[in-house]
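Comments concern the structure below.
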Amino acid sequence: MQIRTPRECGFFTFKNQTWHVGRAFRELPIGLRPSAQSDGQWEVYFCHHKIGLIDLNQPSQPKHTLRSIYSTPQNDISTLNQSIP
């Protein structure tokens, strides 16, 4: 497990990418561990609660582009809307 501490605005860097976890977690330690389900995915934890997922299989973006731990292709709202008849 790797530990990161989000900055004042709720973001942290991991694997040369900037990720947004939210201001509620600023200056509090969060844990990152490799997902057992898929290579290239990391689960994000606060205490023992899983709060998000980092998918490193997605194309990387410039380092200072914020990426959310909450939006992944599996739970993207636009993907859900396309599957509704």
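How much net charge surrounds residue 41 when only the other residues with a Cβ under 14 Å from the Cβ of residue 41 are counted, with Lys and Arg +1 and Asp and Glu -1? Computed value for this residue: +1. Loop-only trypsin sites (Lys or Arg not before Pro) in the stretch 8-69, please: DSSP not H, G, I, E or B, and at most 16 other Cβ atoms within 10 Å. Those satisfying the criteria are 15, 26, 63. Three semi-axes describe the equivalent ellipsoid of the stretch 2-80; taken as square roots of 5 times the Cα gyration tensor eigenvalues and ordered largest first, they are 18, 15, 13 Å. Restricting the GluC sites (Glu not before Pro) of the stretch 4-50 to loop positions (DSSP other than H, G, I, E, B) with no more than 16 neighbouring Cβ atoms within 10 Å leaves 8, 27. The distance between label points at residue 55 and residue 28 comes to 2.6 nm (points 7 Å beyond Cα on the Cα→Cβ vector). The H on the amide N of residue 41, modeled in the peptide plane, is under 5 Å from the matching H of 35, 56, each at least 5 residues off or on a different chain. Each residue, residue 3 and residue 65, gets one label point 7 Å from its Cα in the Cβ direction; the gap between the two is 3.2 nm.
Readers should treat all values here as calculations from the given coordinates under stated rules, not as data from a laboratory. Just so it is clear, the model here is predicted, and its values are computed rather than measured. Here Cβ is always computed from backbone atoms with ideal geometry, including for glycine, and neighbour counts include all displayed protein chains.
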